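Each reported figure results from applying straightforward, stated rules to the coordinates on display, with no laboratory input. Only a predicted model underlies this, so the values are computations on that prediction, with no experimental measurement involved. Neighbour counts are summed over all protein chains in view; Cβ atoms, including those assigned to glycine, are modelled from backbone coordinates with ideal geometry.
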Amino acid sequence: MGLIHVCLLNGSQVSLVLIDRSCGYLRLVDIVMKEFSFDPAKVAVTMKYVLNSDLPPIAIKSDENVLSYMVLKDMSHDPAKYPIHIEVTTADIEKQPITLSVDFNRTNMGFH
């Protein structure tokens, strides 16, 4: 277990956080949500970093992406290098799928 300084950028807001090297995607999202006081029921975040100015930003969207980022950060001990850019979108609750439980084994439905 070791900690790495990570710079988070959300628009004009900047935050420096310590993140465990073994951090996974869901834990990183949780850290970002808490750090900027986002309500996970109302917003979703997208995280990206720039590896090289000649390349497009790299999205962080899985545990493997976080691991790759952590290895990169571990090689560079500059906290300001490779900041994570946070993009916030409003969660559209109306478009969320609805899950219903249906019991197909009921015998009292009147179907023969």
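Here is how the numbers come out for the structure above:
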read-out: Per-pair calculated FRET efficiency, R0 = 25 Å: residue 3 and residue 90 via Cβ, rounded to 0.05; value: 0.20
read-out: Exposure proxy order (Cβ contacts within 10 Å, fewest to most) of 63, 39; value: 39, 63
read-out: Of every Cα-Cα pair in region 3-90, the percent that sits beyond 15 Å; value: 56 percent
read-out: DSSP-loop GluC sites (Glu not before Pro) across region 1-92, with at most 15 other Cβ within 10 angstrom; value: none
read-out: Ranked 45, 66, criterion: other C-beta atoms within 10 Å, fewest first; value: 45, 66
read-out: Relative exposure of 30, 78, judged by other C-beta atoms within 10 Å (fewest first); value: 78, 30
read-out: Loop sites in region 19-67: trypsin sites (Lys or Arg not before Pro), DSSP, at most 10 other Cβ within 10 Å; value: 42
read-out: Sequence-distant lysines (8 or more away, or on other chains) whose Cα lies within less than 18 Å of residue 73; value: 48, 61, 81
